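Nothing in this text is a laboratory measurement; each read-out follows from the coordinates by a stated rule. From a predicted model like this one, the values you see are computed outputs, not experimental measurements. Positions of Cβ are generated from backbone atoms using ideal geometry, with glycine treated the same way; all protein chains shown enter the neighbour counts.
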Amino acid sequence: EVCEPDIALALDAGQLQPYFQPKVSLVDHKLKGFEALVRWIHPVHGVVPPLLFVQYLESGELAERFFFNFVEQVAAVMAGLHGGLSGQDVLDFEHVHCSVNLPVPLLETPALVERLEAVMRHHHLPNSALVVELTETTLMSHLGSTLGTLARLRMKGFGVAMDDYGTGYSSMKQLSRCPFSELKIDREFVHDASSSPKRLAILTGAIAMCQRLKMVCVAEGVEVQSDWDQLAALGCELAQGYFISRPMPASELLAWVLAP
Ligand code: G
Ligand code: G
Ligand code: MN
Ligand code: NA
């Protein structure tokens, strides 16, 4: 059983660290980005999954402090990777990004956009190398108060992704009002989609909608070759999931990127 004071201590001790899961092009198979996912590296229990503690990072006292700490770690890793690869021409941060999950309540953080810009500037990374992911369910109930912040993030060059698409209830009209650069289709509609005509129809429709609304389409939960083939046939742009790689610690990233 994990409680909030445990997480506060873990944060201060530097035990809440990003793992990175690749996002790969379904067209040319190249690496296009990562999603950073938090893990608690516990000195006794090892790697603790976020389901046991992520609630304390999504609202309340710790949320803001954790988020900026996490983005700082992510930017440092990306900048380090860039340095480690300089001259190798495999990773170019004008084209490779990393996304982080931003809890919707944090969109109201004072100077959110300016603070994110400062982190990126400090690490000599373009703002376009950072994408914030917002979950569909929470976002659509706060649309009125958050649209302005989303627009400012986009104006400054950051990416904005809708996460877990298909599990919420956004209408096409709402989606077309939101300045999303990317839409992530929930894995419920991705893995083994062709076994269910209904799920396949939703997947097909979401991919077509991304093309019309000029959003990057990312399929989550790509677990097997047949998932990959199905998505490629439907014209989906990017894939993320165990078929490509599990989320991995920063220490393994360089080797993964350089592997043939
Ligand atoms: O990484 P994993 O598959 O175990 O994540 C489980 C859940 O925790 C997912 O819903 C994911 O979005 C969420 N999660 C993972 N990392 C973060 C994070 O850094 N911040 C927030 N707010 N949620 C995260
Ligand atoms: O909610 P969000 O989409 O941010 O979180 C992504 C979650 O999905 C993480 O917990 C991550 O570990 C998990 N995940 C990533 N790839 C796969 C996959 O191929 N299959 C399954 N079942 N889960 C995955
Ligand atoms: Mn996500
Ligand atoms: Na998701």
Which residue fluctuates the most in the chain, going by a Gaussian network model with Cα springs under 10 Å, if the choices are Phe158, Phe53, Phe20? Phe53
In deg cm²/dmol, rounded to the nearest 500, the helical mean residue ellipticity at 222 nm of the chain, built from -39500 (n - 2.57) for every DSSP H run of length 4 or more, is -12500 deg cm²/dmol
Cα-Cα pairs above 22 Å in the stretch 95-243: how many percent? 40 percent
Expressed in angstrom, Rg and Dmax over the Cα atoms of the stretch 15-80 are 14.0, 43
Go through the cysteines of the chain and tell me which have no other cysteine Cβ under 4.7 Å away. Cys3, Cys98, Cys178, Cys236
Virtual paramagnetic centre 7 Å along Cα→Cβ of Ala201, amide N under 19 Å, in the stretch 222-239: 234
Any idea what diffusion coefficient the stretch 199-260 gets from Stokes-Einstein, in µm²/s, Kirkwood Rh on alpha carbon pairs, 20 °C, 1.002 mPa s? 166 µm²/s
Can you compute the equivalent ellipsoid semi-axes for the stretch 1-122, i.e. the square root of 5 times each eigenvalue of the Cα gyration tensor, sorted largest first and rounded to whole Å? 27, 18, 14
With a 10 Å cut-off between alpha carbons and a GNM built on the chain, which of Asp229, Asp186, Asp163 moves the most? Asp229
Can you tell me which of 25-33, 134-142 comes out highest on packing, and rank the rest after it, using the mean Cβ neighbours within 10 Å? 134-142, 25-33
In Å, what is the Rg of the alpha-carbon atoms in the chain, and how long is Dmax? 17.9, 50
Answer with one residue from Ala232, Leu52, Val190: the one whose Cα lies farthest towards the positive end of the charge dipole of the chain, charges on Cβ with Lys, Arg +1 and Asp, Glu -1. Ala232
Residue separation between Val44 and Arg121 times 0.36 nm, minus their alpha-carbon distance, gives in nm 24.1 nm
Listed here are the pairs Lys32/Lys184; Lys156/Lys184; Lys173/Lys214; Lys23/Lys198; Lys184/Lys214; Lys30/Lys156; which of them are more than 23 Å apart at the Cα? Lys23/Lys198; Lys30/Lys156
